[in-house]
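Q: Once you've had a glance at the structure underneath, I'll fire off some questions.
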Amino acid sequence: MPNRLADATSPYLLQHADNPVDWWPWGPEAFAEAERRGVPVLLSVGYAACHWCHVMAHESFEDDGVAAYVNAHFVAVKVDREERPDVDAVYMEAVQAATGQGGWPMTVFLTPAKDPFYFGTYFPPEPRHGMPGFRQVLEGVVSAWSDRRDEVDEVARRIRTDLAERARVYAAGTLPPPGEADLHAAVVELTRGFDERRGGFGGAPKFPPSMVVEWLLRHHARTGSEAALEMAQRTCDAMARGGLYDQLGGGFARYSVDADWVVPHFEKMLYDNALLLRAYLHLWRATGDPQARRVALETADFLLRELRTSEGGFASALDADSLDPATGKSAEGAYYAWTPEQLTAALGPDDAATAAELFEVTGTFEHGSSVLQLLRDPADPVAYARIRARLAGARDGRPAPARDDKVVAAWNGLAVAALAETGALLERPDLVEAAERAADLLLSVHLTADGRLLRTSRDGQPGPNAGVLEDYADTAEGFLALYAVTGDTAWLDLAGGLLDTVLAHFADPASGAFHDTADDAEELIRRPQDPTDNATPSGWTAAAGALLGYAAYTGSDRHRTAAEKALGIVTALGARAPRFVGWGLAVAEALVDGPREVAVVGPADDPATAGLHRAALRGTAPGAVVAVGAPGTKDVPLLADRPLLDGRPAAYVCRHFTCDAPTADASRLASQLR
């Protein structure tokens, strides 16, 4: 019998709709029920592509005995962290503060007033590897709730107080934005954690540092730092050659469980691939590296082939698990791993031997299988292309991983920016069209009549939850990229509207800080606020970047001042923890460089206009903005009063609306933007 999740729009919640656990969605009704019954709340947070979420569901939430105990002693609430990042952020901060670690599934026990008092992540069904069994945890919480209620209330009070203190620290930033010395110090600190042998930063597990790569490329462009470029290149090369990258279908997995980028955690997320697409594109732009170009195009094609929805948006993720035909059971990585026998069945013995050597099929994963790698450039590119195509075709016959097909505004904004730029720079107009179609979906489904964004949609129907800061900032970033590529001023105007909402509802004018939720959003035990980048740019630093870009187009002092004030937190964190403010440091590079403003004026049908526009987009100057339009354009301040040059299309390179002499030479323009 389906439970209360049967009407949810979230694929993750729908995965639990047939559990014997009497799940409630997050909402006031659930907490009112806990108050009425006098029982605690069991909060379980996860997402559809989460492997260990599936494991805990099968082991515990589908168990009739566990479910009966939960139903008798708790109000059970299930949350999709991707639909409600605010709820996830508040309680994950408490989990990390109390346990020193976090992750999903997240398991938190709350009072009916939403105060947490006991937490964890995955709990096995029985005690294992030093972890208590889930039934054991449930019984311990019930005992404490019944027999030591004063202690429970005191713990909850202390946690709430601690979270409030953390919020005040973030709100107190009054430092100036990073200057050249701060950015140099951050690069020096970053080198301490660089893995010189394997690329990337730190040890296992290893996450793709897309935002740090973007910062390093901008730092190299501004300063000429070879160390910065080397860290970016070696990291991108190692990721592209390892198992983290899908050598047959393109696109990147979420992270590598080892330090060598060999065995990934196989889920594929939209946000990772959008960010990495842009990073590899910009690496190619800076160096001409053919591998970076190939990976960018293959990743773009992966997005269109496997994540694009029928409405034109992009789905959130592909699952890590899929059905293994050999066992009849779901297994992580079953879709992607190969044994020598499977190669022979797909290719025949001769090509199988070549493929085994080419792709390192040596038993690096489970049961003698391997995740494909490409550690060396193929000696015979024609044979490589043939074998790769045949293997991809054979893999298409395997049971595919499930797809979380909800559309998240922020992640689609990242995809719009990446696809628009890739299409323009690599002469793939279909990618620009895909970016425009996704942006149109955000406008028609996610943007409400009063100018507010909704976080998610599915099958073209809007979800119930308000957008958070990253939704506004990343969508604005996507619209600004579309404007730079297409010259359609509607995208610039729409970005401005979103950023005005950011300043009105998410900003603290006194301190320059940003909150992750709007001032009229649902009240939680604290208002979420986090300036550090995680898997995506923080809403805080993403907002700073979009505000800075919009100010460069329009000359708006209000938007530029807001960006500068927001970057004060990057000054505080950059030299101590640069890996966790990579996007903030990338924005700061743009601020120090200007950013440069490029105005291209000329008839739209003149090839010389297109040549100047293309040269402007190819420029590596950090965060440069590009406007293109006909002479006499008045509705974009950067284009206003820019005449032709002796009757020919012209480009103007400016900083703070003070411009160099115009040029009609695309080569000279390119040199001005290096």
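The values are calculated or read from the model by the stated rules, or taken from the named source; none is laboratory data. What you see is a predicted model; the values in this text were computed from it and never measured. Here Cβ is always computed from backbone atoms with ideal geometry, including for glycine, and neighbour counts include all displayed protein chains.
Q: Looking at segment 128-139, is at least one residue free of Cβ contacts under 8 Å to residues at least 12 places away in the same chain, more than 17 Å from residue 94 (Cα to Cα), part of a helix (DSSP H, G or I) and out of contact with any helix residue (DSSP H, G or I) (no Cβ under 9 Å at 6 or more places or on another chain)?
A: yes
Q: If I ask for residues that are buried (at least 24 other Cβ atoms within 10 Å of the Cβ) and not small (Gly, Ala, Ser), which ones from segment 543-579 would you list?
A: 547, 548, 550, 553, 565, 567, 569, 570, 578, listed by residue number.
Q: Can I ask one more? Within segment 270-306, work out how many residues are of a type in the set (Gly, Ala, Ser), closer than 21 Å to residue 222 by Cα and in contact with a Phe, Trp or Tyr (Cβ under 9 Å, 6 or more places away or on another chain). Give the steps one after another, and end with the answer.
A: Step one: filter segment 270-306 for residues of a type in the set (Gly, Ala, Ser), giving 274, 279, 286, 288, 292, 296, 300.
Right, trim to closer than 21 Å to residue 222 by Cα and you get 279, 286, 288, 292.
Among the residues that remain, those that are also in contact with a Phe, Trp or Tyr (Cβ under 9 Å, 6 or more places away or on another chain) are: 292.
Residues meeting the conditions: 1.
Q: Please state which one of 151, 165, 230 is acidic (Asp, Glu), in the same structural domain as residue 536 (by TED's automatic domain parsing) and not in a strand (DSSP E or B). Walk me through how you get there before you give the answer.
A: Values: 151 fails: in the same structural domain as residue 536 (by TED's automatic domain parsing); 165 fails: in the same structural domain as residue 536 (by TED's automatic domain parsing).
Result: 230 is the single residue among 151, 165, 230 that is acidic (Asp, Glu), in the same structural domain as residue 536 (by TED's automatic domain parsing) and not in a strand (DSSP E or B).
Q: Which residue is surrounded by the most Cβ atoms within 10 Å (Cβ to Cβ), if the candidates are limited to segment 645-670 and must be of a type in the set (A, V, I, L, M, F, W, C) and more than 13 Å from residue 619 (Cα to Cα)?
A: 650
Q: Would you say residue 200 is closer than 28 Å to residue 241 by Cβ and in contact (Cβ under 8 Å) with a residue 60 or more places away in the chain?
A: Working: closer than 28 Å to residue 241 by Cβ: yes; in contact (Cβ under 8 Å) with a residue 60 or more places away in the chain: yes.
So residue 200 passes the test.
Q: What number of residues within segment 4-23 satisfy the criterion of being buried (at least 20 other Cβ atoms within 10 Å of the Cβ) and closer than 20 Å to residue 72 by Cβ? Outline the logic, then answer.
A: Taking segment 4-23 as the starting set, the residues that turn out to be buried (at least 20 other Cβ atoms within 10 Å of the Cβ) are 5, 8, 10-13, 15-16, 19, 21, 23.
Adding the requirement that they be closer than 20 Å to residue 72 by Cβ leaves 5, 16, 19, 21, 23.
Total satisfying the criteria: 5.
Q: Have a look at 216, 229 and point out the one that is touching a Leu at 6+ places or on another chain (Cβ under 9 Å), under 30 Å from residue 257 (Cα atoms) and either without any contact (Cβ under 8 Å) to a residue 40 or more places away in the chain or among the hydroxyl-bearing types (Ser, Thr, Tyr) (or both).
A: Values: 229 fails: either without any contact (Cβ under 8 Å) to a residue 40 or more places away in the chain or among the hydroxyl-bearing types (Ser, Thr, Tyr) (or both).
Of 216, 229, the one residue that is touching a Leu at 6+ places or on another chain (Cβ under 9 Å), under 30 Å from residue 257 (Cα atoms) and either without any contact (Cβ under 8 Å) to a residue 40 or more places away in the chain or among the hydroxyl-bearing types (Ser, Thr, Tyr) (or both) is 216.
Q: Now, a different point. Those residues that are part of a loop (DSSP other than H, G, I, E, B) and over 17 Å from residue 455 (Cα atoms), I need them from segment 72-88; list them, please. Step through it out loud before you land on a result.
A: Pass one, segment 72-88, residues part of a loop (DSSP other than H, G, I, E, B): 74, 81-84.
Of everything in segment 72-88, just one residue is part of a loop (DSSP other than H, G, I, E, B) and over 17 Å from residue 455 (Cα atoms), namely 74.
Q: Select, from 118, 69, 91, 12, the only residue that is touching a strand residue (DSSP E or B) at 6+ places or on another chain (Cβ under 7 Å), of a type in the set (Phe, Trp, Tyr), within 22 Å of residue 133 (Cα to Cα) and outside any strand (DSSP E or B). Before the answer, list the steps.
A: Values: 118 fails: outside any strand (DSSP E or B); 69 fails: touching a strand residue (DSSP E or B) at 6+ places or on another chain (Cβ under 7 Å); 12 fails: within 22 Å of residue 133 (Cα to Cα).
Within the list 118, 69, 91, 12, the selection yields 91.
Q: Now for a different question. How do the helices (runs of 4 or more DSSP H) wholly within segment 327-413 filter down when requiring 1 or more residues that are under 25 Å from residue 272 (Cα atoms): which remain? Break it down into steps so the answer makes sense when it comes.
A: Values: elements: 340-347, 349-358, 381-395.
Helices (runs of 4 or more DSSP H) meeting the threshold: 381-395.
Q: Still on this structure, please answer the following. Determine, yes or no, whether residue 212 is under 22 Å from residue 563 (Cα atoms) and surrounded by 15 or more Cβ atoms within 10 Å (Cβ to Cβ). Spell out the reasoning first.
A: Details: under 22 Å from residue 563 (Cα atoms): yes; surrounded by 15 or more Cβ atoms within 10 Å (Cβ to Cβ): yes.
Spelling it out, residue 212 is indeed under 22 Å from residue 563 (Cα atoms) and surrounded by 15 or more Cβ atoms within 10 Å (Cβ to Cβ).
Q: In addition: Hey, could you check segment 233-266 for residues that are among the small types (Gly, Ala, Ser) and not in a helix (DSSP H, G or I) and say which is farthest from residue 304 (Cα to Cα)?
A: First, the residues of segment 233-266 that are among the small types (Gly, Ala, Ser): 238, 240, 242-243, 249-251, 253, 256, 259.
Imposing the further condition that a residue be not in a helix (DSSP H, G or I) reduces the set to 242-243, 249-251, 253, 256, 259.
Values: 242: 23, 243: 21, 249: 11, 250: 11, 251: 11, 253: 16, 256: 24, 259: 30 Å.
Looking at the filtered set, the residue picked out is 259.
Q: Given the criteria part of a helix (DSSP H, G or I), assigned by TED's automatic domain parsing to the domain that holds residue 469 and surrounded by 24 or more Cβ atoms within 10 Å (Cβ to Cβ), does residue 504 qualify? Walk me through how you get there before you give the answer.
A: Numbers: part of a helix (DSSP H, G or I): yes; assigned by TED's automatic domain parsing to the domain that holds residue 469: yes; surrounded by 24 or more Cβ atoms within 10 Å (Cβ to Cβ): no.
Answer is no for this residue.
Q: Determine whether segment 304-314 contains at least one residue that is in contact (Cβ under 8 Å) with a residue 12 or more places away in the chain and of a type in the set (Lys, Arg).
A: yes
Q: Condition first: over 18 Å from the mean Cα position of the chain (by Cα), modelled with pLDDT of 95 or more and small (Gly, Ala, Ser). Now tell me which residues in segment 421-480 satisfy that.
A: Selection gives 423, 424, 434, 444, 460, 466.
Q: Please identify the pairs in which a residue from segment 236-252 that is surrounded by 23 or more Cβ atoms within 10 Å (Cβ to Cβ) has its Cβ atom under 9 Å from the Cβ atom of a residue that is assigned to a loop (DSSP other than H, G, I, E, B) and among the basic types (Lys, Arg), counting only partners at least 6 apart or on another chain.
A: Taking only residues 6 or more apart or on different chains, the pairs are 242/198; 244/254.
Q: Checking residue 66 against (1) under 29 Å from the mean Cα position of the chain (by Cα); (2) under 15 Å from residue 138 (Cα atoms), which test does it fail?
A: With respect to (1) under 29 Å from the mean Cα position of the chain (by Cα); (2) under 15 Å from residue 138 (Cα atoms), residue 66 is out only on (1).
Q: Out of the residues in segment 632-653 that are β-branched (Val, Ile, Thr) and part of a loop (DSSP other than H, G, I, E, B), which is nearest to residue 665 (Cα to Cα)?
A: Initial filter on segment 632-653 (β-branched (Val, Ile, Thr)): 633, 636, 653.
Cutting the leftovers down to part of a loop (DSSP other than H, G, I, E, B) gives us 633, 636.
Details: 633: 21, 636: 23 Å.
Only one residue tops the list, namely 633.
Q: In addition: Checking residue 39 against (1) outside any helix (DSSP H, G or I); (2) of a type in the set (Val, Ile, Thr); (3) buried (at least 21 other Cβ atoms within 10 Å of the Cβ), only one condition comes out false. Which one?
A: That leaves (3) as the condition not met.
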